[in-house]
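The values are calculated or read from the model by the stated rules, or taken from the named source; none is laboratory data. Computed from a prediction, not measured in an experiment: that's the story for all the values here. When we count neighbours, we look across all protein chains shown, and the Cβ atoms used for this are built from the backbone with ideal geometry, even at glycine. Heads up: the accessible areas ignore ligands, DNA and RNA and are worked out on the full protein's heavy atoms, side chains in. Shrake-Rupley method; radii C 1.70, N 1.55, O 1.52, S 1.80 Å.
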Amino acid sequence: MSPYIDLTIIVAKTAILLLGGSITYYALRAYDRTGDRSLRELGVGFGIVTVGALLGGVSHQIIGADLAVGIAIDGLLTAVGFAVIVYSLYLE
């Protein structure tokens, strides 16, 4: 695999970790201020998406798993996280 692809994956996963972590932090902080359950679920959903991206990248870059395994982990946790986000949008 090209070193540029590896670098691109590392940069993208780092950006996802920083931005997703920020969204998670601010959503959970808003929940603490307001007590609105939907904000808690929104934060949890974004947290799951962020962790999925992190685990997908770690499995490939550090553990040495096949790229397809990393993509599968990332995709599965992204789907679960989005399901939680959708749920948060339906809460009253």
Note to self: Quick check on packing: order 64-72, 20-28, 38-46 by the mean number of other C-beta atoms within 10 Å, highest mean leading.
What the structure shows: 38-46, 20-28, 64-72
Notebook entry, point to check: About its Cα centre, what dipole magnitude does region 1-89 give when the only charges are +1 on Lys and Arg Cβ and -1 on Asp and Glu Cβ, stated in debye to the nearest 20?
Noted result: 280
Next item on the list: As a check on your grasp of the helix formula, calculate [θ] at 222 nm for the chain: sum -39500 (n - 2.57) over DSSP H runs of n ≥ 4, divide by the residue count, round to the nearest 500.
Entry: -31500 deg cm²/dmol
Check: Per residue, how many Å² of accessible area does region 1-89 show with a 1.4 Å probe?
Finding: 62
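At a 1.4 Å probe, what is the % contribution of carbon and sulfur to the accessible area of region 1-89?
Numbers: 4060 of 5480 Å².
The value for region 1-89 is 74 percent carbon and sulfur by accessible area.
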Check: By how many nm would the segment from Ala72 to Val58 grow when fully extended, if each residue of separation counts as 0.36 nm and the alpha-carbon distance is taken off?
Finding: 3.8 nm
Checklist line | Geometric extent, Cα atoms of the chain - Rg, Dmax (angstrom) | finding: 14.8, 48
Check: Once label points are set 7 Å from the Cα along Cα→Cβ at both Arg29 and Thr14, what is their separation, rounded to one decimal in nm?
Finding: 2.3
